[in-house]
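Peer 1: Have a look at this one.
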Amino acid sequence: MTTGAPTPTYPVRPRRSRLRTFLPLGVAAWLVLEIWLLTVVAGAASGFSVFLLLVAGFVLGSVVIKRAGRRAFQNLNEALQRGGAPSGSGSGGNGLMMLGGLLLMIPGLVSDALGLLLLIPPVQKAVGRYAERTFDRKLREAVPGTLGDAFQQARMQRPDGKVVQGEVIVRDQPDDGAPQGPRPPLTR
């Protein structure tokens, strides 16, 4: 029995994305750059000053994350008291401030520089707009069966290994019009 989704007759091998291919190489290059830069600065100044710089970055990053988290929680609390969704004006800035704080906490001078850049409000606005445009574009380009289509479709795995594809329809009230009582808890 089929549900309208064609079943491929050959094994489909997913194409490996560029991000998945080059991300480990990029992370390795970034780590080598960070270590090299730390040794150069330690040679020019002293090892103790580099240690103090790393500790100061960690402390500053933790303060920034705590402050941004507290502000995000206050925005959420105020929005819940109003009975609406959190305002879009400060919510994106809090996430980018947390990212900046996290980059400050990671040991290294390049990550500290990027973290400090993300704490500047005009840079936050530009990065936020770019991220929002990119996310919207990716969501519009999503094809059925991808993560972008996850809100419209559901897949159910059957015990025999077959995948049943379909759509989820949520109804506010049953067809007979009778109000529903409390539902039993899910135990499986």
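This table checks each residue for (1) modelled with pLDDT under 80; (2) over 26 Å from Arg129 (Cα atoms); (3) open to solvent by 70 Å² or more (accessible area, probe 1.4 Å).
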position: Arg13; (1), (2), (3): yes, yes, yes
position: Arg16; (1), (2), (3): yes, yes, yes
position: Phe22; (1), (2), (3): no, no, yes
position: Leu53; (1), (2), (3): no, yes, yes
position: Phe73; (1), (2), (3): no, no, yes
position: Glu78; (1), (2), (3): no, no, yes
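Peer 1: Let me ask you something else. So, Glu34, is that one touching a residue at least 40 places away in the same chain (Cβ under 8 Å), assigned to a helix (DSSP H, G or I) and out of contact with any Asp or Glu (no Cβ under 8 Å at 6 or more places or on another chain) or not?
Peer 2: yes
Peer 1: Could you identify the single residue in Val41, Val110 that is under 27 Å from Glu132 (Cα atoms), assigned to a helix (DSSP H, G or I), open to solvent by less than 80 Å² (accessible area, probe 1.4 Å) and in contact (Cβ under 8 Å) with a residue 60 or more places away in the chain?
Peer 2: None of the others qualify; the one that does is Val110.
The values are calculated or read from the model by the stated rules, or taken from the named source; none is laboratory data. Keep in mind it's a predicted model, so treat the numbers as computed, not measured. Every residue, glycine among them, receives a Cβ derived from its backbone with ideal geometry; neighbour counts consider all protein chains shown. Accessible surface areas use protein heavy atoms only, side chains included; no ligands, DNA or RNA. Shrake-Rupley method; radii C 1.70, N 1.55, O 1.52, S 1.80 Å.
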